[in-house]
Amino acid sequence: MPDDIENRTDEQETKQADEKFVSQIAAKQARKLKAQARVTRTVWSGLGMMGMVGWSVVVPTLLGAALGVWLDNHYPAMHSWMLTLLIVGLTIGCVNAWHWIVKEEKEISWDQDTPENGRNEDE
């Protein structure tokens, strides 16, 4: 009878050790996958993001100005279409840039909030 109890205890310890080993492997796998998925943030990626934000403002502004010049030439009015659409394009561009910045900020804060070792904080 004591041998049965000893065997059960050994089996339980082995099972617990196996479960711990599996969880360690899963944590290492999660860290590796996260590292592979994460884009490295270098100086060039920062400059690229600044360029993306810049172009997201410039393009709508220039399109608005070009459309305004065309409207001023074809449909003259008391007010300047070019100035009006320039401001509209600038507003759209700024909203677009704000969207990109908020998206990037959320991604950065999510990366910082996620535990680096891939384990739950209560382990």
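Quick note: the coordinates plus some simple rules give every number you see, no bench work behind them. Given the structure is predicted, the values throughout are model-derived calculations rather than measurements.
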Can you work out ³J(HN,Hα) from phi for every residue in segment 22-31, in order, using Karplus 6.51 cos²θ - 1.76 cosθ + 1.60 and θ = phi - 60°, giving whole Hz and x for Gly and Pro? 4, 5, 5, 5, 5, 5, 5, 5, 4, 4
Quick one: grab the alpha carbon gyration tensor of segment 34-110, order the square roots of its eigenvalues as a ≥ b ≥ c, and give me rounded if a/c is under 1.5, else prolate or oblate depending on whether a/b is larger than b/c. prolate
If you average the sequence gap of Cα pairs under 8 Å that are 6 or more apart and divide by the length of segment 41-114, what percent do you get for the contact order? 35
